[in-house]
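Have a look at the structure below, then the notes.
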Amino acid sequence: MRYRTLGELRVSAVGLGAMPLSIEGRPDEERALATVHAALDAGVTLLDTADSYHLPGAEPGHNERLVARALATYGGDTSGVLVATKGGRGRPAGGDWTVDGSPRHLKAAAEASCKRLGAEAIGLYQLHKPDPEVPFEESAGALRELLDAGTIRLAGLSNVDADQIRRGREILGDRLVSVQNRYSPAVRDSEPELRLCAELGLAFLPWSPLGGLARSSLDGPSRTEGADRFGAFHAVAAERGVSPQQVGLAWLLARSPAVVPIPGASRPETAGDSAAAADLLLTTEERARLDEAAGPDRA
């Protein structure tokens, strides 16, 4: 396993997105715990969760409690594992994703997440999505208050644009360490945010990093797709004797040293395969082929 930096911390170059273990189509608990354990066995030290990762209308925090149980039942050392969670979204009955970025909600949500994780403080707490009904400065200010209170140790932003990143940096200073936006071979709208993160020294955590190679868990059951447009990823995978998903993650890592992808998994085998991408170093020729398949950088 290779490593990258997140603030002053060293984390595995590939993390684990735990969302598929708690939403629609989730595995039973035995397999879910085995999936997290497989990631840890492979050297993963960054686990991404959120209080809203649960079935619609169900009690918030299913995924956080699952991650906590996985760490508690793991036979190895977990002292170096960073759990990153998020607040500011909900999943009421009906399945819609709601947004609440009010300071009151974020503070209460962070305290509840901390209890579910069984931690003295949350390692990394991220605003899940800016609330259009709440001034961004108020939501970011709530993170600052949580930092000052010791409820959280580090702060991150998710689903934000470049201007919000800059404003967040002004409010949170060096305690803002990460940005989590959607980014993949198929979805490249966050190129400006990725470049800004590299400039500011922030980690960039792509969610749904296998778009074009596999569906996002938000879109339904995972499956391979895009063999035409993204044929180069499949071709390189066949030549290397690895999965197209592993090639896709290796390509993301090659995009910038700021990138730390957090692919989801619902099976131990998938978690282990994704983690192995950290050690898959692409040649210059392979990167050129994959860049051409993914298309030009977005403005």
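Numbers for the structure displayed
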read-out	value
Degrees separating the helix 231-240 axis from the principal Cα axis of the chain, which is the longest one	70 degrees
The stretch 113-157-the stretch 174-194 distance, computed between alpha-carbon centres (Å)	19 Å
Residue-by-residue Karplus 3J(HN,Hα) for the stretch 177-182, coefficients 6.51, -1.76, 1.60, Hz, glycine and proline x	10, 8, 10, 10, 10, 6
Angle between the chain longest axis and helix 191-200 axis [Cα atoms, degrees, rounded to 10]	70 degrees
Acute angle (nearest 10 degrees) that the helix 29-41 long axis makes with the longest principal axis of the chain, alpha-carbon atoms	70 degrees
In Å², nearest 10: area of Leu176 left accessible to a 1.4 Å probe	0 Å²
Förster-model FRET efficiency, 25 Å R0, Lys115 and Asp148, C-beta, rounded to 0.05	0.80
Reachable lysines, given that their alpha-carbon falls under 21 Å from the alpha-carbon of Lys129 and they are not under 8 places away in the same chain	Lys86, Lys107
Share antiparallel - DSSP beta bridges, the chain, percent rounded to 5	25 percent
Amide proton proximity set for Ile152, modelled H, under 5 Å, gap of 5+	Ile122, Leu147
From phi via Karplus (6.51, -1.76, 1.60), per-residue ³J(HN,Hα) for the stretch 88-100 in Hz, x at Gly/Pro	x, 10, x, 9, x, 4, x, x, 5, 9, 8, 10, 9
Cα→Cβ-extended label distance, 7 Å offset, between Leu55 and Asp279, nm	3.9 nm
Per-residue HN-Hα couplings for the stretch 152-168 [Karplus 6.51, -1.76, 1.60; θ = phi - 60°; Hz; x = Gly/Pro]	10, 9, 9, 10, x, 10, 10, 6, 10, 9, 4, 5, 5, 4, 4, 5, x
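The values are calculated or read from the model by the stated rules, or taken from the named source; none is laboratory data. Predicted model only: the values in this text are computed from it and were never measured. Glycine also receives a Cβ, built like all others from the backbone with ideal geometry; neighbour counts cover every protein chain displayed. To get the accessible areas, we keep the full protein, side chains included, count just its heavy atoms, and leave off ligands, DNA and RNA. Shrake-Rupley method; radii C 1.70, N 1.55, O 1.52, S 1.80 Å.
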